[in-house]
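Working notes, beginning with the structure itself.
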Amino acid sequence: MTLAGSLSSRPAGPHGRDAEITDLHVLLDGVRHGHGGALLLTAPPGCGRTTLLRYAARAFGPSPVVDVAGVLAERGWPHAGLHAVLSRAAALGLAPPPARWPGDRPAALELLRTLRALTASAGPVLLCVDDAHLVDPTSRSALGFAARRLGPGLAVGLVLSVERDASAAPEFAGLPVRHVGRLGRASCAALLDDLLPTGSDAGARERLLTEAGGVPGVLAELAALPGAAAPGGPAWEGPHPPGSLLGRYAARVGELPADTRTALLLAATEASRRAAGPGAGERSGRDGAADGVRRWVAAVRAAGLDPVCLEPAEHAGLVRTGGGALRFDPPVVARLVYAGATLAARRAAHRLLADVGTCGGWPLGALTPQQLRITRYVAEGATNREVSELLGVSPRTVDYHLRNVFTALGVRSRVELTRLVGRVERPEWAAS
């Protein structure tokens, strides 16, 4: 991968990255004036770490840029990262080819010696290391060691990029860090203007912006899918190249336990139903999200599973829970989950969700059998004492269950519960 470019004037930066670009130019201007420094860029996948490194390389031109990237397959080879730096410098004509594997002396000292030699022969130099978390530990430690020693008299700029979870690694302790987050809606829209032809369908644009969830890399891949700008939408089913972001998300889904995949498919099916059905706009708020979670919980239990089986998907970064909502992260993951399931699995998910008793959208299936019986008697006008006599339990037990019913169904009084039950189809109650 080559990041370097030669532009004598400051190039146009990526959309929505003014703070990051400012940090980079502060570093680059210092290096040009003989004051070396380092910057650690950290971001989730797809948020533009590589794009910012490429920008830095262009902005530093025509001064030399040594650009390398960590490779997962080489992470187990000591000094592999250092060898990549030496080889890249040689390929750019900045240094002789490495005559030996760089293991005869400490890697940190070898890297410092190399950087001093580069500045002595070529003047200010920029070293960009993409995916530094994939570099072998020995070379990674050497990079951190060298970065902490850059300053006056050593005109080297070192820009490292890592995934967000790797920014706290001890090798990078003490380095200036810039956390690169997701793009705002306006910046995503500006990026989409660059990606789609003029006059693209407005509905298609809105769909792509929503599905990308502020992740510019995902937005770029979605915009490149066949039919992305058409009213019908892109081909979600892929296939998506293994190295692509969409391919990586799909691979993560495929690696999950079977129960987790079933729970994810139910969530994706419910999300699709809520988004496409009548009144979708009304169900998009907090109440609608809570409604969807309740239906999902009921369907998961109806499938004989425990909702806790979703935890592996959370750990994999595919969904987020909290605040009474379950969200795919980014939203397009729901599309990938649904598209990757078999037709039989999709039909089973739709059947489970259809079989969940609803009351104005609230799932009776989320109630236990005892809660259902108490709800039915209360809706018919029975007092707690009467219900306790009918079921052979104490009034305190009835009161406990009834409070849980109120919470589960989102009602605040017996009157609201009675009205809610009145909208439930009688066959569903009979089945309970």
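The values are calculated or read from the model by the stated rules, or taken from the named source; none is laboratory data. Since the structure is predicted, the reported quantities are computational estimates derived from the model, not experimental observations. Virtual Cβ from ideal backbone geometry, glycine too; neighbours counted across all protein chains shown.
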Task: Of the criteria (1) touching a Gly at 6+ places or on another chain (Cβ under 9 Å); (2) part of a loop (DSSP other than H, G, I, E, B); (3) under 19 Å from Thr138 (Cα atoms), which one Ala84 fails - done: (2)
TODO: Filter segment 140-154 down to residues that are closer than 18 Å to Ala57 by Cβ and surrounded by 24 or more Cβ atoms within 10 Å (Cβ to Cβ), then give me how many there are.
DONE: 2
- [ ] Return the residue satisfying two criteria in turn: it lies in segment 375-414 and is assigned to a loop (DSSP other than H, G, I, E, B) and within 43 Å of the chain's Cα centre (by Cα), and of such residues it is farthest from Gly324 (Cα to Cα).
- [x] Ser413
Task: Residue among Thr42, Thr51 that alone is closer than 30 Å to Cys188 by Cβ, of a type in the set (Val, Ile, Thr), touching a Pro at 6+ places or on another chain (Cβ under 9 Å) and in contact (Cβ under 8 Å) with a residue 24 or more places away in the chain - done: Thr51
- [ ] Consider Leu115 carefully, then state whether it is touching a residue at least 12 places away in the same chain (Cβ under 8 Å), not in a helix (DSSP H, G or I) and not aromatic (Phe, Trp, Tyr).
- [x] no
Open item on the list: Quick check on segment 189-209. Is at least one of its residues buried (at least 18 other Cβ atoms within 10 Å of the Cβ) and touching a Ser or Thr at 6+ places or on another chain (Cβ under 6 Å)?
Closed with: no
- [ ] Taking Leu53 as meeting all but one of (1) assigned to a helix (DSSP H, G or I); (2) closer than 19 Å to Ala146 by Cβ; (3) at pLDDT 95 or above; (4) more than 23 Å from the chain's Cα centre (by Cα), write down the number of the exception.
- [x] (4)
Task: Extreme residue, nearest to Thr383 (Cα to Cα), among residues of segment 402-427 that are modelled with pLDDT under 80 and in contact with an Asp or Glu (Cβ under 9 Å, 6 or more places away or on another chain) - done: Val421
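Got at least one residue in segment 206-215 being closer than 20 Å to Ile21 by Cα and outside any helix (DSSP H, G or I)?
Scanning segment 206-215, I find at least one residue that is closer than 20 Å to Ile21 by Cα and outside any helix (DSSP H, G or I), so the answer is yes.
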Task: Failed item, numbered, when Asp329 is tested on (1) at pLDDT 90 or above; (2) of a type outside the set (Ser, Thr, Tyr); (3) touching a Gly at 6+ places or on another chain (Cβ under 8 Å); (4) buried (at least 19 other Cβ atoms within 10 Å of the Cβ) - done: (4)
Task: Residue selected from segment 56-70 under the condition touching a Gly at 6+ places or on another chain (Cβ under 9 Å) and part of a strand (DSSP E or B), by the criterion nearest to Gly317 (Cα to Cα) - done: Val68
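Of the residues Ala344, Ala298, Ala313, only one is part of a helix (DSSP H, G or I), touching a Gly at 6+ places or on another chain (Cβ under 8 Å) and either buried (at least 17 other Cβ atoms within 10 Å of the Cβ) or modelled with pLDDT of 90 or more (or both); which?
Ala298
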